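*Asks:* Got a structure for you, questions after.
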Amino acid sequence: MIRPLLIASFSVVISCSSFAQTGRDYFDANNIEALISPVANHFWDYTDNHFLIPKDSGTKSIFVSTLWIGGKDSNDQLHVAAERYRQEGRDYLPGPYSAMGFYDETTSSIWDRVWVVNRQEIKDWINNPNVNPVPQVVLDWPAHGDASLGQAANLAPFVDMNGDGVYDPVNDMDYPAFKGDQAVLFLFNDDALLHTESGGDKLGVEIWGMAYGFNCPEDEALHNTLFMEYHITNRSDMDYSDCAVGLWNDFDLGNAQDDYVGSDVSRNLFYAYNGDNDDQDAGGVTGYHTKLPAQGVRILSGIQMDEDGLDNQPSVDTLGNYFGFGMDDGIIDNERLGLARFISQSNSAGPIGDPGTSSAYLNTMTGYWNDGTPLTYGGNGYNPNDSNALRARSMYPDTADVVHYNTYGVAPSSGPVWNESTASNTPGDRRGVGSMGPFDLSAGEEVDFTIAYVFAQKENDRLGAVTEMKAASDHIQELFDTQITDCGTFEPGFTLGVEDELTTRLALYPNPAGASATIAGLHTQASYRITDMKGALVASGSLQVGNAVLDLSTLAPGVFVVEVMQEATTAQIRLVKR
């Protein structure tokens with residue numbers, strides 16, 4: 001358990017010059033080497049960028065990637081937390097939210113780090129704890145906050161082996177809950193500092209995130225993907241409405257001066273690709289040359305939509321979200337937001353450049369330019385003097401928007417194709433924000449979402465690279481939906497005890513399952529428990545010898561862990577309920 005030192009004095013206002021951030025570390029389990037930050041200002045060290053793909057090539061596809069969030073309180077006052085390069089200031093600080101306003105340099109330094117978890121190291125310890133010591137990351141895992149400092153009791157997720165709610169790896173063999181072959185956890189808040197980057201009022205949110213991936217060379221798309229999961233908790237006493245979350249990316253595909261960007265609303269995807277067929281070395285940066293890249297950011301599971309007692313239907317109108325998740329599937333209130341907007345900004349000041357005020361940040365996340373001009377279809381999307389210009393949700397959808405979701409159901413009179421070439425743009429340095437919203441964020445509420453950074457290359461074919469990347473992103477979506485890959489499940493299950501014999505012997509089918517599933521291979525009577533992905537118990541009971549049937553009729557669709565306890569051995573089996 002993390003126990004920050006108790007300091008007698010309280011510090012509520014802290015200058016942005018305090019707390020030099022140094023606690024970054026790398027995700028490097030597959031074909032990507034990515035620098036992960038404690039405050040989600042990822043992939044760079046404030047001097048150079050570190051998103052290498054392929055990781056042994058010296059080439060990089062992203063300069064920096066950050067998280068934005070904004071909304072309005074009950075008095076219609078705007079609250080925004082957003083960072084780009086931290087050149088003008090900071091909005092975020094490492095560590096949890098403090099209900100007592102307790103933030104100081106000593107306490108913050110304890111949290112100025114990330115936690116790197118490797119699956120094999122955890123598995124070796126769990127399967128043979130008498131030989132392998134408890135891994136240091138397990139001992140350091142920030143499962144609980146310090147109530148004396150106003151921190152929440154539960155912070156980072158963990159597998160609670162005895163269900164007592166207390167993280168105790170030494171006595172109970174509790175361990176971090178994580179995904180993939182390697183995961184990097186980070187934890188930060190927007191409450192500790194005055195927002196000198198965005199200029200917005202604080203929200204009082206606490207955010208933990210997890211970057212993870214799979215070492216899976218046999219699956220090229222998976223091997224070239226970094227997943228990123230975010231959980232945002234409103235720790236304040238304010239309710240926020242009309243909220244939006246933005247995923248801001250400065251794409252640098254090798255040589256940053258010859259790039260284009262685009263979006264694919266049908267895939268909840270935005271991306272960068274080369275604007276010509278030669279990505280040269282430039283300014284000391286290694287280019288991709290003729291093996292041309294496409295780097296995408298795909299929303300795999302968006303923020304859950306506000307409950308309304310309906311199985312929402314997809315819609316192209318002003319408030320609808322056609323390409324969200326869980327729509328028109330017969331299930332009430334399981335819908336999640338998809339990509340609502342994508343705006344590409346120029347590397348400049350002004351109405352279509354980088355935002356500089358809190359209202360400009362929120363405008364960019366909600367389909368408007370910095371000055372409040374709505375995004376419109378065609379050209380560079382900025383037409384302040386044309387009242388008849390067709391409104392648009394996202395820039396440069398190319399030919400992907402077959403239902404005209406991007407233009408609110410209206411077919412563009414200028415033609416069905418809008419990309420950087422038809423806009424006659426010169427390739428160059430590109431950045432932009434893809435966003436989700438609107439949604440409400442009540443006091444105490446948590447929202448979560450998962451994205452994937454997906455990459456592909458094509459020799460001498462920049463548009464072919466985009467096609468390859470989109471196909472790879474479709475494959476990644478399929479894997480994410482089932483939570484199962486050829487190289488393991490998303491959340492690793494471990495066999496407890498010295499031998500793996502029980503897990504090897506047992507079979508659960510069908511999987512994915514409907515109202516019931518069968519466990520085969522039981523030689524003696526056993527018991528079972530089923531937990532959801534947050535570790536909550538949803539079912540338990542006994543199992544007879546032979547083939548035992550589990551009643552799953554009361555379970556909502558989702559992913560669960562079935563633990564089978566037989567004599568002194570426990571097996572864990574991943575279950576997908578349709």
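*Asks:* Can Leu310 be described as surrounded by 15 or more Cβ atoms within 10 Å (Cβ to Cβ), without any contact (Cβ under 8 Å) to a residue 40 or more places away in the chain, more than 25 Å from Gly70 (Cα to Cα) and of a type outside the set (Val, Ile, Thr)?
*Replies:* Here the answer is no, as Leu310 does not meet what is asked.
*Asks:* Can you name the residue in the range 197-214 that is assigned to a loop (DSSP other than H, G, I, E, B) and touching a Lys or Arg at 6+ places or on another chain (Cβ under 6 Å) and, of all such residues, is farthest from Phe43 (Cα to Cα)?
*Replies:* Start the filter on the range 197-214 by keeping residues that are assigned to a loop (DSSP other than H, G, I, E, B), which leaves 197-200, 202-204, 214.
Right, trim to touching a Lys or Arg at 6+ places or on another chain (Cβ under 6 Å) and you get 197, 204.
Values: Glu197: 19, Gly204: 25 Å.
Only one residue fits best here, namely Gly204.
*Asks:* Within the range 396-416, is even one residue in a strand (DSSP E or B), touching a residue at least 24 places away in the same chain (Cβ under 8 Å) and on the phi < 0 side of the Ramachandran plot?
*Replies:* no
Residues checked against (1) buried (at least 19 other Cβ atoms within 10 Å of the Cβ); (2) under 24 Å from Tyr175 (Cα atoms); (3) at pLDDT below 90:
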| site | (1), (2), (3) |
| --- | --- |
| Arg529 | no, yes, no |
| Val538 | no, yes, no |
| Gly541 | no, no, no |
| Gln544 | no, no, yes |
| Thr554 | no, no, no |
| Phe560 | yes, yes, yes |
| Ala571 | yes, yes, yes |
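*Asks:* Being more than 27 Å from Phe480 (Cβ to Cβ), assigned to a strand (DSSP E or B) and in contact with a strand residue (DSSP E or B) (Cβ under 7 Å, 6 or more places away or on another chain) narrows it down to one of Ser263, Ser241, so name that one.
*Replies:* Unique residue meeting the criteria: Ser241.
*Asks:* List pairs: first residue in the range 231-248 and closer than 18 Å to Trp208 by Cα, second residue among the hydroxyl-bearing types (Ser, Thr, Tyr) anywhere in the structure, Cβ distance under 6 angstrom, at least six positions apart or on different chains.
*Replies:* Qualifying pairs under 6 Å: Arg235/Tyr97; Ala244/Thr366; Ala244/Ser435; Gly246/Ser435; Trp248/Thr66.
*Asks:* Then there is this: Considering each of Trp369, Trp418 in turn, give the residue that is among the hydrophobic types (A, V, I, L, M, F, W, C), over 24 Å from Leu78 (Cβ atoms) and buried (at least 21 other Cβ atoms within 10 Å of the Cβ).
*Replies:* Step by step, each of Trp369, Trp418 is checked, and only Trp418 is among the hydrophobic types (A, V, I, L, M, F, W, C), over 24 Å from Leu78 (Cβ atoms) and buried (at least 21 other Cβ atoms within 10 Å of the Cβ).
*Asks:* Applying the selection to the range 193-235, what residues are among the acidic types (Asp, Glu) and within 21 Å of Arg86 (Cα to Cα)?
*Replies:* Once the filter is applied, which keeps residues that are among the acidic types (Asp, Glu) and within 21 Å of Arg86 (Cα to Cα), the range 193-235 yields Glu197, Asp201, Glu206.
*Asks:* Using the structure shown, decide if Thr59 is at pLDDT 95 or above, among the hydroxyl-bearing types (Ser, Thr, Tyr) and over 22 Å from the mean Cα position of the chain (by Cα).
*Replies:* Criteria met by Thr59.
*Asks:* Name the one entry in Val80, Val39, Val131 that is under 30 Å from Tyr260 (Cα atoms) and assigned to a loop (DSSP other than H, G, I, E, B).
*Replies:* Val39
*Asks:* Among the residues of the range 156-166, is any under 30 Å from Gly437 (Cα atoms) and surrounded by 24 or more Cβ atoms within 10 Å (Cβ to Cβ)?
*Replies:* Taking the range 156-166 as the starting set, the residues that turn out to be under 30 Å from Gly437 (Cα atoms) are 156-158.
Restricting the remaining residues to those that are surrounded by 24 or more Cβ atoms within 10 Å (Cβ to Cβ) gives none.
Taking every residue of the range 156-166 in turn, none turns out to be under 30 Å from Gly437 (Cα atoms) and surrounded by 24 or more Cβ atoms within 10 Å (Cβ to Cβ).
The values are calculated or read from the model by the stated rules, or taken from the named source; none is laboratory data. Every value quoted in this text rests on a predicted model; they were computed, and no experiment measured them. Don't worry about glycine lacking a Cβ; one is built from the backbone with ideal geometry, like all the others, and counts go over all protein chains shown.
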